[in-house]
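The values are calculated or read from the model by the stated rules, or taken from the named source; none is laboratory data. Just so you know, these numbers come straight off a predicted model, no measurement behind them. A quick note on method: Cβ atoms are made from the backbone with ideal geometry, for glycine too, and the neighbour counts reach across all protein chains shown.
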Amino acid sequence: MKMNFVVVSQLLKQSQSILKSGYLAFVLSIITLSLFSKMQILIPLLLVTGLLAIHHYLFIRIEFDRGLLQHMVDQPEDVESLTQQLDQSLLNLKLIPSSKTGRDWSIRFKGCFKLLKIQIIIVLIQYSVFIVLFYKLAHR
């Protein structure tokens, strides 16, 4: 069971590279907007900044989950005991509702994968926005 934690943790670690790619898309979009600033740039600027903020929020959530998974791997205690302690801590800090305590780890892993997939979708949207901005602004 602990190997599942290692695999998922290592997969979530790739979130850092995805975030860096998102920052690259942001910088390229800002450069494009500044080079071709003949049009009003407020809305595109808000769009690329908003996408970056969403992306960074997802990264924080994924890193939090990755840290918790890594902690599960590093501890010599059994998974059940650690899971109960984790749920109680998250509940005490109001980070999860009581309805989400006691979930099976396969459900938790699916949630981690869902966040990672959303992050990938956001970075693809960031690059799509950059490409559209570059094309629209460069061909004016």
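Within the group PHE59, PHE36, which residue is buried (at least 16 other Cβ atoms within 10 Å of the Cβ) and either within 17 Å of ILE96 (Cβ to Cβ) or touching a Phe, Trp or Tyr at 6+ places or on another chain (Cβ under 9 Å) (or both)?
The match here is PHE36.
I need every pair where a residue in segment 81-108 that is under 21 Å from LEU12 (Cβ atoms) has its Cβ under 6 Å from the Cβ of a residue that is surrounded by 12 or more Cβ atoms within 10 Å (Cβ to Cβ) and among the β-branched types (Val, Ile, Thr), sequence separation at least 6 or different chains.
Between residues of segment 81-108 that are under 21 Å from LEU12 (Cβ atoms) and residues that are surrounded by 12 or more Cβ atoms within 10 Å (Cβ to Cβ) and among the β-branched types (Val, Ile, Thr), the close pairs are ASP87/THR101; LEU90/ILE96.
Please report, ordered by residue number, the helices (runs of 4 or more DSSP H) entirely within segment 1-115 with at least 1 residues that are farther than 30 Å from SER128 by Cα.
Once the helices (runs of 4 or more DSSP H) in segment 1-115 are filtered for at least 1 residues that are farther than 30 Å from SER128 by Cα, what remains is 2-13, 42-74, 79-92.
How many residues are over 10 Å from the mean Cα position of the chain (by Cα) and free of Cβ contacts under 8 Å to residues at least 60 places away in the same chain when one looks only at segment 40-63?
Residues meeting the conditions: 9.
Looking at segment 1-39, which of its residues are without any contact (Cβ under 8 Å) to a residue 24 or more places away in the chain and in contact with a helix residue (DSSP H, G or I) (Cβ under 8 Å, 6 or more places away or on another chain)?
The answer is ILE30, and nothing else.
Does LEU93 meet the test of being loosely packed, with under 12 Cβ neighbours inside 10 Å and out of contact with any Asp or Glu (no Cβ under 7 Å at 6 or more places or on another chain)?
yes
Criterion first (surrounded by 15 or more Cβ atoms within 10 Å (Cβ to Cβ), of a type outside the set (S, T, N, Q) and either in contact (Cβ under 8 Å) with a residue 24 or more places away in the chain or within 30 Å of LEU33 (Cβ to Cβ) (or both)) does LEU124 satisfy it?
Considered against the rule, which asks whether it is surrounded by 15 or more Cβ atoms within 10 Å (Cβ to Cβ), of a type outside the set (S, T, N, Q) and either in contact (Cβ under 8 Å) with a residue 24 or more places away in the chain or within 30 Å of LEU33 (Cβ to Cβ) (or both), LEU124 comes out as no.
When only residues in segment 96-106 that are under 17 Å from ASN4 (Cα atoms) and surrounded by fewer than 10 Cβ atoms within 10 Å (Cβ to Cβ) count, which is farthest from the chain's Cα centre (by Cα)?
Ranking the candidates gives ASP104 first.
Return yes or no: is TYR127 of a type in the set (Ser, Thr, Tyr) and modelled with pLDDT of 95 or more?
yes
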